[in-house]
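In what follows, a structure is listed as structure tokens, so that the remarks can point back to it.
Read-outs: derived from the displayed coordinates by stated rules, not from any lab. Predicted model only: the values in this text are computed from it and were never measured. Please note: Cβ atoms are built from the backbone with ideal geometry, for glycine as well, and neighbour counts cover all protein chains shown.
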Amino acid sequence: MNMLEIIENKRDGKALSQAEIRYFVEQYTAGVIPDYQASALLMAIYFQGMDRAETVQLTMAMAESGDMLDLSDITDYAIDKHSSGGVGDKTTLIVLPLVASFGVPIAKMSGRGLGFGGGTLDKLESISGYDVNLSDADFRRIARETGIVLAGQSQSLAPADGALYVLRDVTGTVASLPLIASSIMSKKLAAGTSGIVLDVKTGCGAYMKTLDEARALATAMVRIGVDAGRNMVALLSDMNQPLGVAVGNALEVAEAVRTLQGEGPRHIHDHCVEVAAQMLRLAGRGARWADLAVTHGEVDRALRSGKAFEFFRRMIAAHGGDLRQIDDLSLLPKARLRHDVPARESGHVAAVHADKVGWASLALGAGRKTKEDAIDHAVGIEAHVKVGDAIATGDPVMTIHANDDGRLAAAMAWLEEAVEISAEPVAPLPLFHGVIDGAGN
Ligand code: URA
């Protein structure tokens with residue numbers, strides 16, 4: 001096999017063979033293929049794209065570059081979810097205990113955030129003592145004993161993706177559909193899951209700004225999963241405004257707890273009910289939870305009855321987290337300064353720009369610009385209004401939680417532009433823009 005020939009084939013628009021793709025992934029991960037040749041191939045893929053078979057083969061080669069988790073000692077059907085990320089997205093914290101409360105074992109590895117807001121692990125680390133770095137033995141033990149485990153991703157999972165992602169980041173080749181889809185799906189396939197619900201966001205606060213882009217990414221990922229023998233569904237969800245009210249790590253944990261107690265904001269409650277019902281539908285494999293409308297009712301009851309919250313408590317305790325902070329939310333990290341941003345005029349909310357709220361949270365220190373940045377768990381924003389709400393001059397539209405005057409001023413500059421008000425009534429935004437099932441429809 002010759003790397004120069006592989007680059008030239010892709011440059012000239014030819015489909016790569018399985019052998020060529022495997023050679024590239026294995027030899028790059030082994031350090032044999034130099035960065036300059038790998039970069040040239042990535043750029044050729046960026047411009048020429050990949051067909052369905054190539055994308056699946058790239059995904060499988062990256063998944064198999066490290067350990068392939070086998071969860072069969074925990075469950076005969078592992079269910080997982082993946083969110084393409086967004087502002088105020090605490091869905092994982094709510095949906096996993098919710099699904100586990102139906103007796104469906106959850107053994108999930110999650111990531112840290114880069115850019116707006118923290119990732120799931122950063123949010124969990126707002127709780128003192130919560131240990132995300134589990135050994136394989138502890139990961140399995142907690143899953144078996146409590147029915148739910150939520151830890152950091154093992155370094156040995158899809159190492160080829162880790163290496164290629166770093167290179168993509170510095171060669172302008174991140175924004176390629178087959179490369180994004182294979183990157184995300186390689187980690188999911190290596191994590192031992194049988195069914196995956198994808199929550200693909202679209203809008204100004206999402207990676208995919210337009211619905212067409214989100215649909216294309218969701219379709220590509222669903223096809224990869226189906227071709228790899230997994231059950232798949234993708235939800236196309238709105239990320240033009242923040243998800244729920246809270247944006248920032250400890251604030252989002254508090255909102256997740258309230259939602260798990262059936263007292264969350266309607267927006268995040270309804271979003272999580274849909275994601276959980278879709279996960280249960282896959283896990284039920286036609287024998288249970290096949291009727292989504294009925295499952296919505298069951299899921300809603302699991303939130304309101306405290307059953308889902310009980311599983312969240314179990315998970316926190318099993319990871320060494322301080323349950324007192326969950327039972328008394330005032331004990332979670334708290335910022336020193338609080339500042340309300342008032343509405344400048346009366347009318348109807350026409351936009352709550354999720355991207356601007358995201359940049360404000362980053363300015364406060366709730367997210368990280370580089371992997372090395374430290375996160376301030378206490379800071380963040382509460383976005384009190386949603387598109388379509390009626391408001392009066394002076395009503396607080398946002399509350400900023402800050403630990404530093406300079407950062408507070410920087411966040412205010414972003415947030416002053418974040419809310420648009422119209423004199424005319426405005427229709428609320430939908431939570432979801434569509435569903436793509438395993439048939440790719
Ligand atoms: N997230 C990933 O894991 N990979 C990408 O390429 C983009 C987002």
Exercise for the section: Order the peptides 196-209, 238-251 from the highest to the lowest mean number of other Cβ atoms within 10 Å of their residues. Expected result: 238-251, 196-209
Fill in the blank from the handout: Nearest 10, in degrees from 0 to 90: the angle of helix 405-415 to the longest Cα principal axis of the chain is 80 degrees
Problem - Sequence-separation-based contact order of the chain, relative, with Cα cut under 8 Å and 6+ spacing, percent - result: 20 percent
Handout entry: Convex hull volume per residue for segment 279-326, taking Cα atoms only, in Å³
Key = 84 Å³
Exercise for the section: Relative to the longest principal axis of the C-alpha atoms of the chain, give the angle of the C-alpha long axis of helix 136-146, reported between 0 and 90° and rounded to the nearest 10°. Expected result: 50 degrees
Completion exercise
log10 I(q)/I(0) for segment 336-422, Debye formula on C-alpha points only (no solvent), q = 0.13, 0.18, 0.20, 0.21 Å⁻¹, two decimals, reads -0.40, -0.71, -0.84, -0.91
Completion exercise
Over its alpha-carbon atoms, segment 320-360 yields an Rg and a Dmax in Å of 16.5, 48
Handout entry: Over 23 Å (Cα to Cα) - which of K14/K201; K90/K201; K10/K209; K123/K201; K90/K188; K187/K307 fall in this group
Key = K14/K201; K10/K209; K187/K307
Practice task
For segment 122-178, give the magnitude of the charge dipole about the Cα centre (Cβ charges: +1 Lys/Arg, -1 Asp/Glu; no others), in debye to the nearest 20.
Solution key: 160 debye
Handout entry: Vicinal HN-Hα couplings computed from phi for segment 4-15 (Karplus, 6.51 cos²θ - 1.76 cosθ + 1.60; Hz; Gly/Pro x)
Key = 4, 5, 4, 4, 5, 4, 5, 3, 8, x, 7, 6
Problem - Cα-only Debye scattering, segment 1-126: base-10 log of I(q)/I(0) at q = 0.09, 0.20 Å⁻¹ - result: -0.41, -1.06
Handout entry: Overall Cα dimensions of segment 371-423 - principal axes, largest extent first, Å
Key = 44, 20, 16
Handout entry: Within a Gaussian network of the chain (alpha carbon springs, distance under 10 Å), most fluctuating of L282, L124, L331
Key = L331
Practice task
Just flag the trypsin sites (Lys or Arg not before Pro) in segment 306-354 sitting in loop per DSSP whose Cβ has no more than 13 other Cβ atoms within 10 Å.
Solution key: R336, R344
Problem - Value in Å of the Kirkwood radius, where segment 3-63 supplies the Cα pairs that are averaged - result: 11.4 Å
Handout entry: More than 26 Å apart - percent of Cα-Cα pairs taken over segment 135-265
Key = 38 percent
Fill in the blank from the handout: Debye calc, one equal point scatterer per Cα of the chain, no solvent, log10 I(q)/I(0) at q = 0.06, 0.08, 0.12 1/Å comes to -0.25, -0.45, -1.02
Completion exercise
Put in order of increasing Cβ neighbours within 10 Å, starting from the fewest, E20, E417 give E417, E20
Fill in the blank from the handout: Ordered by fewest other Cβ atoms within 10 Å, a rough proxy for footprinting exposure, L235, L431 read L431, L235
Fill in the blank from the handout: Note to self, the chain gives a 222 nm [θ] from helices alone (DSSP H runs n ≥ 4, -39500 (n - 2.57) apiece, / all residues, nearest 500) of -14000 deg cm²/dmol
Problem - Where GluC sites (Glu not before Pro) fall in DSSP loop in segment 175-283, at most 16 other Cβ within 10 Å - result: E263
Problem - In degrees, nearest ten, helix 266-284 long axis to first principal axis of the chain (Cα) - result: 40 degrees
